[in-house]
Each structure stands twice: as C-alpha cells, then as structure tokens.
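Below is one structure, written out as structure tokens; the observations come after it.
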Amino acid sequence: MQETLILIAVVAVLVLFTFLFIISRYRKCPSDKIMVIYGKVGSARDGTAVSAKCIHGGAAFIWPIIQAYEYLDLTPISISVDLENALSRQNIRINVPSRFTVGISTEQGVMQNAAERLLGLKLNEIQELAKDIIFGQLRLVVATMDIEEINTDRDKFLEAVSRNVETELKKIGLRLINVNVTDITDESGYIEALGREAAAKAINDAKKSVAEKNRDGAIGEANANRDQRIQVAAANSEAIKGENEAQAQIALSNAVLRERQAEALRRATAAERIQAAKALEESYAAEEKAELARAARERATQEADILVKTEIEKKRIELEAEAKAEETRRLAKGEADAIYMKMEAQARGMQELLTKQAQGFAQLVAAAGGSAVDATRMMLADKMEDLMRIQVEAIKNLKIDKVTVWDNMSGKDGTPATANFLSGLLKSIPPLNDMYKMAGLELPDYLGKEIKQPDTAKESAETGAKEQAAAGNKAVPGQQAKS
C-alpha cells in the first residue's frame, strides 16, 4: 500500500512538472513587440522551408530544443538626416535638413523581412542602417526636381521622398511613419534670392492693391450718387406711368366685360340651337346605325353559313386527295420494292450462274493441260450432239423432193464450189472424230464409222473422189443437177 502511494505521488509530481513546463513554454506577444519564432517552424505552401514565424498581438507554444524565440521592438525610431550639398536637377547644390521617423512594420511579408534582417540588431544599428537608405533615396529625389518645386511645392517633394524611402525600407522590414523637412538652403544664395523676389513682389502687390482699393472707393462713391439720381427719376416716372396704365387697364377691363357679356349671350343662343340640331342629328344617326347593324348582322350570318359549308367541303376534298396520294405512294413504293427485289434476285442468280460457269471452265482448262483452246473444243464436242439434234428437229418435218444447186464454177482450178463444200465437209469429219475421242466421246452413226483400210485403199478412195469432183466441174454453169 505504501509503494502504491509513493508511485501515485511520483506520477502526480511528474504531471505537475510537465504542466508547469508547458505553461512556461507558452509565450504571449505584447502589443508593442513582434515575437519571432525560429528553428523548425514548418514550410510554405510551395514546399520551401520557412526561416521564421512572426506573431504580433497573439501567443504561441514554443517547442523545446527544436524552436526558440526573440522579440523585435516596435518603438518608433527618430533619425536626423542633414543632407548637405545635394545636387538638384538644375546642378545647384542645396542643403536639406530633415527628420524621419521609422519603425518595424507589422505588415505580413514585411514583418518576415524584419525577422530575417533585423533580428539581433541593436537600436543604434537599425538606426544607422535606415539612415544610409534614407540618405541615398533623399539624394535621388532631390536630383530629379527643380529648386522651385522643392521650395514651393513641399507636398510634392515630401510625397516623392516618402514613396521612394518607403519602398526601400520595406526590403529590410521597416516602414516610414513621418517625414519633417525644415528650411532648405543653398550655397549660391539662389533660394534666398527667390525669397527676396517673392517678398518684393508681395510688397508691390500690396501697394497696388491699396491704390486700386482707393480708386475703386472714389469711383464707387460717384457711381452711387449717379445711381441715386437716376433711380429717383426712374421711380417718379414709373409712378406716373403706373397711374396711367392703371386707368387704361380699368377702361380696358370694362370694355372686355361688356364684350364678354355679349359673347356669352351669343354663345348661349347658338348653343341652344346647336344642341337641338345635334339632338335631331344624333336621333337620325342612331336609327341609321341600327339599320346598318341589322343589315350587317344578316349579311354576316349568310356569309358565315356559306363560308363554313365551303370550308368543310374544301377540307373534305383535301383529306380525300391526301388519302389517295398516300395510297398511291404506298402502292408505288410496294411495286418498286417488289421489282427491285425481283431484279436483285435475278442478278444474284445470274451472278451465281456465271460464277459457277467460270469455275467450271477454269477446271476444264486445268483438265485440258492449261490450254484454253482445247478446253473450248471439249465444250463444243460436249454440246455437238445437242446442236445436231436441234438442227435435225428443225428440218425433219420438211418434205424435199429435189435440191437444185446453181454453181458458178468459182472454185480453185475451175472446180465447182459445191464439190469443194462437200470435200471440205468430208475432210472435217476425221478431225472432229479425233476431238471427240480426246473428250472420251464417239460420233453418231449417221456421220459414219471409221474403217481401217490399207494405205492403197485409202489412196484409191481419194483418187475416186477427185475423179468425181473433176466430172462435176465439167458441168456448164447454170446446169441443173437433180437428186
């Protein structure tokens, strides 16, 4: 139990000391000072480290070990600046005795400059630093102005000095509180001469003003007497004139009264007659308007009936026309679609047929060893039987009793053309038979069969054929041959 109490006491003492330590590290900033906290105080928004944190009129906790603090005094600093031999814009050297009052600025950003450049400096060191800056800027302002401007327009001069000095002081964390410039002098006596000139001018202006005032007084007195006499005479004249005008006004008023009475009587009589005429006119006009209104109402009723019927009929005709046009359009569109689909189907069928034929012909060319001519012959041989059948069907029902051949003997070597035709026909059969054999076919029986004979028999047959042909050539042109 005793050990527990000791432990509790130790913990309480530690907590108390911790609380007192925290209180001792919490610092409040007086209103006449700036508390500068330096060390590890964080970073800016852009990630750059902050050298110090400035607090004016508040309080902050100072972390032990990693942070420390100091104060900057806001007490105004009075600086006497006796500028001598400053060169003006007119190249005249002048003396400008002045006194400046400055102090550490509490403006954000400027206060940070003070913490970075003035922290740790003594009051006289700050004063000397500010004095150097003021000297330079004051010389700069004097060099840009004339002596007349500096001497006569002090507000402009002080404004220029304040603007330049304030800008430079902000760079080290100070601000300008007041500027007081005393008498400005120069070694050449230019300003003193300007003063004497101004004084003489003022004295002369005063004397001139006194003389002008005396003159104005005499003139004013004479003008007053003249005006008095004129105004008295004018007043008497106005009085007499007023009396005469009053009497004339009375006579005129009486005449006007009588005239107005006569005019009123005339107007009253005329008004009575006019009102009576207007009453009759309005009565007639009302009757006329009533008749016109009645006629207009009847006409409007008839026109409305006709217009309504016409409009209904017109609308009906338009609707029927639109319905017929729509029906015609639908029928035309349906027929056009049907024709288009039919033509499209035929085109697809034709395309498919041609494609298959092309593929078959390509295979046929490949089977014929790549020769398109042999492939064409094979196709003709395949269709020859059908062609012969079609020719036989075309002439099988014709009855021919006789055939008359007219030959003009225009063959080679005087032979008849008919003999040459038959000879050529007979000669074309063997090649045709060979072509059929290449395709694996045989000629029909009515074209004859191949007879294998010795070469002598073949020559005898050819000789006999030539003799027959020669005998036929002896016929006279125009002779008829019957068979």
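How many residues, within the stretch 111-121, are in a loop (DSSP other than H, G, I, E, B) and among the aliphatic types (A, V, I, L, M)?
Looking only at the stretch 111-121, we keep the residues that are in a loop (DSSP other than H, G, I, E, B), and these are 118-121.
Narrowing the set further to residues that are among the aliphatic types (A, V, I, L, M) leaves 118-119, 121.
Summing the residues that are in a loop (DSSP other than H, G, I, E, B) and among the aliphatic types (A, V, I, L, M) in the stretch 111-121 gives 3.
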**Test: Gly173 is within 54 Å of the chain's Cα centre (by Cα), closer than 22 Å to Gly58 by Cβ and either without any contact (Cβ under 8 Å) to a residue 12 or more places away in the chain or assigned by TED's automatic domain parsing to the domain that holds Ile55 (or both)** = no
**Request:** Please determine, by comparing only the residues of the stretch 29-85 that are under 25 Å from Leu129 (Cβ atoms), of a type in the set (A, V, I, L, M) and more than 55 Å from the chain's Cα centre (by Cα), which one is surrounded by the most Cβ atoms within 10 Å (Cβ to Cβ).
**Result:** Leu72
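Restricting attention to the stretch 1-28, and to residues there that are hydroxyl-bearing (Ser, Thr, Tyr) and surrounded by 10 or more Cβ atoms within 10 Å (Cβ to Cβ), which single residue is nearest to Phe61 (Cα to Cα)? Before you say what the answer is, go through the steps one by one.
Filtering the stretch 1-28 for residues hydroxyl-bearing (Ser, Thr, Tyr) gives 4, 18, 24, 26.
Next cut, surrounded by 10 or more Cβ atoms within 10 Å (Cβ to Cβ) only: 18, 24, 26.
Working: Thr18: 14, Ser24: 9, Tyr26: 4 Å.
That would be Tyr26.
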**Asked** Which residues, taken from the stretch 283-304, are modelled with pLDDT under 80 and acidic (Asp, Glu)?
**Response** Glu303
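Part of a helix (DSSP H, G or I), farther than 17 Å from Arg89 by Cβ and either touching a helix residue (DSSP H, G or I) at 6+ places or on another chain (Cβ under 9 Å) or not polar (S, T, N, Q) (or both) - does that describe any residue in the stretch 138-153? First the steps, then the outcome.
Step one: filter the stretch 138-153 for residues part of a helix (DSSP H, G or I), giving 138-143, 147-152.
Filter once more, so that each one left must be farther than 17 Å from Arg89 by Cβ: none.
No, the stretch 138-153 contains no residue that is part of a helix (DSSP H, G or I), farther than 17 Å from Arg89 by Cβ and either touching a helix residue (DSSP H, G or I) at 6+ places or on another chain (Cβ under 9 Å) or not polar (S, T, N, Q) (or both).
The values are calculated or read from the model by the stated rules, or taken from the named source; none is laboratory data. All values derive from a computational prediction rather than experimental measurement. Every residue, glycine as well, gets a Cβ built from its backbone with ideal geometry; the counts of neighbours run over all protein chains shown.
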